[in-house]
Every structure is written in structure tokens, then in C-alpha cells.
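A.B. asks: Quick one: this structure, given as C-alpha cells, is what I'll be asking you about.
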Amino acid sequence: ILRVLLSEPKKSWRIQELSKTAGVSLGQASNVKRLLEDREWVKRQEDGFRLVKPEELLKEWADNYSFRKNEIREFYTLKNPADIEADLAEMCGQRAVDYALTGFSGAARLAPAVRYQRVMAYIDAGLEEVAARLGLKEVTSGSNVTLMDPFDQGVFYGARLIDGVRIVSPIQVYLDLKGFRGRGEEAANAIFEEVLRPSW
């Protein structure tokens, strides 16, 4: 629900439409709306309600979010990030596997000043097979490819194609990067300033 509201903060919603778009029950959508109303982060209007404090909502969510809830597998490859990402996109496309890049891989396409050496992606099914076909070696340290089996299908909400490769929404990229201390936080702030804030 939060991804949906943050992706379209200027839109007015009715509970039924929000629950359908977010793929949750009417009860859950109502509970979230009530919680946001209590904090005065959404405002009622004639045509429904809309988010009025997206920044506060995103910051609180980021403080309570961890990408480590996903099943995470770490790999190493000698290939450069762009080649691995292109191979991953091609293979997932051929096998109809839902995937999307996130973290530094996503940030580099949304805010080009971000430099990176680590590929990060969500793979919806067959993570082991994808890794094997890409020739990735599973490692316990020194990895440069992180593949994640998502705990929540919502990570794919708002994904888009950029240069032929699927990227999660800027909101998901921001959330995933906030968990990386140092350079991850810097990259998250770049996404916030260059992509998210201007859209609000």
C-alpha cells in the first residue's frame, strides 16, 4: 500500500481502488489509511483521500525496512556489472522469470553519478538455476553479485525498463540502499534528491 501511495502521491484514492491496486484486502487498506490519517499524512478530499506528507512516510518506512528479510544469496563473477545485468535480463526474458535490478544497479540508471561494482537484483523464481546459467560462483565473502528471492511481491510494483533492463521503482531502490551504510546511504540520498523529491 505504501509503495502505491508513494508512487503516485498526487493521486486521490478511494479505499476499493487502493486495495485492488495494492493487491490487499479492503480491511488492510482501511487500517493503513486510518493509521496515516492519525499522523495527518493523508488528507480527505471530495474525491477520496491523498498523501500529503510523502517525505515523512518514506523516511519512517526506511527506518523500519530491511532488504535482509528477503532470501539473499551472494555470488562472485569476473564479468563486469553491465555484462552480468544484460545477461540476467536476457535469460529472465527468455525463461519468463520475473526479475528487477535494485540497489546500486538501479541507482546507477536513475541517478547516473552513482558509481558501483556490485550487481543487485530480485529474482522471483528459479534463483539457483539463474545463477548456474550465468556462471556465478556462490561465495561467503568478497561477493559482487547479490540475488534475492523477495519476501513480498510488492518489490516489483512500479518496476520499469531502462535501457532494456528491468529496474524496481525509485522508492524500492531507495529503501534497499538505505540499509547499506556509507555508500549505500549516499546513493539513496542521490535518488531522493534527484528522482523522488522532484516528483512530489
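The values are calculated or read from the model by the stated rules, or taken from the named source; none is laboratory data. Quantities reported herein were computed from a predicted structural model and do not represent experimental measurements. No Cβ is skipped: glycine too gets one built from the backbone with ideal geometry, and neighbour counts run over all protein chains shown. These area figures cover heavy atoms from the full protein model, side chains too; ligands, DNA and RNA do not enter into them. Shrake-Rupley method; radii C 1.70, N 1.55, O 1.52, S 1.80 Å.
A.B. asks: Any chance the stretch 8-22 includes a residue that's in a loop (DSSP other than H, G, I, E, B), among the hydroxyl-bearing types (Ser, Thr, Tyr), open to solvent by less than 40 Å² (accessible area, probe 1.4 Å) and touching a Lys or Arg at 6+ places or on another chain (Cβ under 7 Å)?
C.D. replies: Within the stretch 8-22, the first condition is being in a loop (DSSP other than H, G, I, E, B), and the residues that meet it are 8-12, 14.
Next, from what is left, pick out any that are among the hydroxyl-bearing types (Ser, Thr, Tyr): 12.
Pick out the ones that are also open to solvent by less than 40 Å² (accessible area, probe 1.4 Å) and you get 12.
Those left that are additionally touching a Lys or Arg at 6+ places or on another chain (Cβ under 7 Å): 12.
Yes, because at least one residue in the stretch 8-22 is in a loop (DSSP other than H, G, I, E, B), among the hydroxyl-bearing types (Ser, Thr, Tyr), open to solvent by less than 40 Å² (accessible area, probe 1.4 Å) and touching a Lys or Arg at 6+ places or on another chain (Cβ under 7 Å).
A.B. asks: While we're looking at this one, here's another question. Could you please let me know if Arg95 is touching a residue at least 12 places away in the same chain (Cβ under 8 Å) and basic (Lys, Arg)?
C.D. replies: Values: touching a residue at least 12 places away in the same chain (Cβ under 8 Å): yes; basic (Lys, Arg): yes.
Against the criterion (touching a residue at least 12 places away in the same chain (Cβ under 8 Å) and basic (Lys, Arg)), Arg95 qualifies.
A.B. asks: I'd like the full set of residues that are of a type in the set (Ser, Thr, Tyr) and modelled with pLDDT of 95 or more, limited to the stretch 53-101.
C.D. replies: Applying the first criterion (of a type in the set (Ser, Thr, Tyr)) to the stretch 53-101 yields 65-66, 76-77, 99.
Within the stretch 53-101, Tyr76, Thr77, Tyr99 qualify.
A.B. asks: Another question about this same structure. Within the stretch 165-200, how many residues are open to solvent by 30 Å² or more (accessible area, probe 1.4 Å) and closer than 17 Å to Tyr116 by Cα? Steps first, answer last, please.
C.D. replies: Residues of the stretch 165-200 that are open to solvent by 30 Å² or more (accessible area, probe 1.4 Å), as a first pass: 166, 178-183, 185-186, 189, 193-195, 197-200.
Among the residues that remain, those that are also closer than 17 Å to Tyr116 by Cα are: 178-183, 185-186, 189.
The qualifying residues number 9.
A.B. asks: Another question, then. From the list Leu35, Leu57, which residue is open to solvent by 60 Å² or more (accessible area, probe 1.4 Å) and in a helix (DSSP H, G or I)? First the steps, then the outcome.
C.D. replies: On the way: Leu57 fails: open to solvent by 60 Å² or more (accessible area, probe 1.4 Å).
That would be Leu35, the only listed residue that is open to solvent by 60 Å² or more (accessible area, probe 1.4 Å) and in a helix (DSSP H, G or I).
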